[in-house]
Amino acid sequence: MRKKVKEITDEDLYSLNIGKTWRYFKGESFAFWMICGYLFFEYVRPQSIYPAIDFLPWTQLTVIGAILGCFADRSVRWVSSSVNVLLVLFLVVILLSSVFAYFPSVSYDNLDKYYLWVIIYFLIINIVNTRKRFFIFLCVFLVASFKISLSLAITWAQRGFSFTSWGLSGPPGFFQNSGELAIQMLVFWPIAWAFTHSLKPHVSKNWYRLLMLMPITAIMVILGASSRGAQLALIIQLVVMNYRTVFKPKVLLSCCVSVFLIWTFLPDEQKERFETMGEDRTSRQRILYVENGIEMIKDNPLFGVGYFNFVPYFNRYYPDDLLSGRAELPHNIFVQVGTDTGLIGLTIFLGIIFVAFKTARTVRLCQEEDQRAKFATYANVSLVGFLVAGQFVTVTYYPYLWIHLALLVSMKNSFAKPS
């Protein structure tokens, strides 16, 4: 029998009344506990930070728990969305691409890198199905990301904002590499900014100052991560945020000051990396990946060379274009999808991105119209950051896009219902 959930008002949530929110959370369903636990273990990775608790596969257990919990949670109902159809179609194309791949065994070994995101996406959109649940789930996402950004911003400050070739390293997992870490911050900071300003009328000044640390530390991590693609994406995000008013003197001055401060904070070594962009060996190798990746798509337009077949295919057919060692992934999300799944999969992937932008425009975070518009805009700014940075790294099957889609669909579904 489902336990009674403690009542809580929207004002209790928006004023960040931790005591009442925690009591409400404790009264929630097992499925909701598990999906929140999954997000925490996937993003914070306490099992990697503290080896003493690394005796169980925590992320897998929380996913299994969420699946089992759905059967006991009577509030779980199937949520329809065009995103659902596109994600399933993309999975079908990946399966067909694997069957017809040049190296099928490589494809089969990597199938979990996508289908697990489909499972997690459907769990989130069907369990996180009320405004209160969505607000708490979003808080878990923000707190988990803030834990990473705060600790690494402090690390960068302690070393005097100096440059290192490895940038900043996140917890073991998806965000350990500095480039992937920076993309998570690109996705995180616009949502954190919108969240903070939406709650400003409801929280104290001290709470507001603390919340503002989320976007501030995230931007610091982007600057300290030594990822040129992420830093370029940050500048584009700032332009997109202000594109309607960018030519107003006040806004134009603010943008110029922001870019100047970003450039000032960059270490000299990082500035040199920008100046040699396109000429250094890393850049030249990635250009060859993209150029030859486009040729692979032209030669195999239907299903590409095969899901995750880019590396072995490149090693076999383009050995003269390897500047050192063996091939890596193509360092471009569109080339990756195109070589993985051909033009069919690439078309579906572009459709997913289009629907994501479109869905964000209908999302409601708060009841006031200006706050809804603000959040929708910033959700799209997050997506812009992922897309721009994704032109320089291979992160199609990382959590950024798939969790973002789940948040958007959950928001749309939750706020379409009566409060």
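The values are calculated or read from the model by the stated rules, or taken from the named source; none is laboratory data. Predicted, not measured: the structure shown is a model, and the values here were computed from it. Ideal geometry is used to build each Cβ from the backbone, glycine not excepted, and the neighbour counts take in all protein chains shown. Note: accessible area is taken over every heavy atom of the protein model, side chains too, but ligands, DNA and RNA are not part of it. Shrake-Rupley method; radii C 1.70, N 1.55, O 1.52, S 1.80 Å.
See the values below:
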{"item": "Exposure of residue 48 as accessible area (Å², to 10), given a probe of 1.4 Å and all protein chains", "result": "50 Å²"}
{"item": "Among 404, 135, 67 - extreme Cα towards positive end, dipole of the chain, charges at beta-carbon", "result": "135"}
{"item": "Kirkwood-type radius of the chain, with distances r between different C-alpha atoms, in Å", "result": "22.6 Å"}
{"item": "Links that overshoot a 24 Å alpha carbon limit, given the list 113/412; 147/358; 113/358; 132/412", "result": "113/412; 147/358; 113/358"}
{"item": "Average accessible area per residue (Å²) across the chain - probe 1.4 Å, nucleic acids and ligands excluded", "result": "46 Å²"}
{"item": "Dipole axis of the chain (+1 Lys, Arg; -1 Asp, Glu on Cβ), positive-most option in 390, 98, 222", "result": "222"}
{"item": "Probe 1.4 Å - accessible area at residue 193, Å² to nearest ten", "result": "70 Å²"}
{"item": "Sequence of 407, 323 from largest to smallest accessible area, 1.4 Å probe", "result": "323, 407"}
{"item": "Order of exposure, largest accessible area first, which applies to 320, 109, 10 with probe 1.4 Å", "result": "320, 109, 10"}
{"item": "The chain, dipole about Cα centre (Lys/Arg Cβ +1, Asp/Glu Cβ -1), debye to the nearest 20", "result": "1800 debye"}
{"item": "Net charge over other residues, Cβ less than 12 angstrom from the Cβ of residue 107 (K, R count +1; D, E count -1)", "result": "-2"}
{"item": "Cut-off 15 Å between beta-carbons: net charge of the residues surrounding residue 98, Lys and Arg +1, Asp and Glu -1", "result": "-2"}
{"item": "The chain, relative contact order [Cα under 8 Å, separation at least 6], %", "result": "22 percent"}
{"item": "Under 12 Å, Cβ to Cβ, from residue 174 - net charge with Lys/Arg +1 and Asp/Glu -1", "result": "0"}
{"item": "Separation between Cα centres of the range 76-134 and the range 279-337, rounded to whole Å", "result": "25 Å"}
{"item": "Longest to shortest principal axis, alpha-carbon extents of the range 1-62, angstrom", "result": "38, 31, 16"}
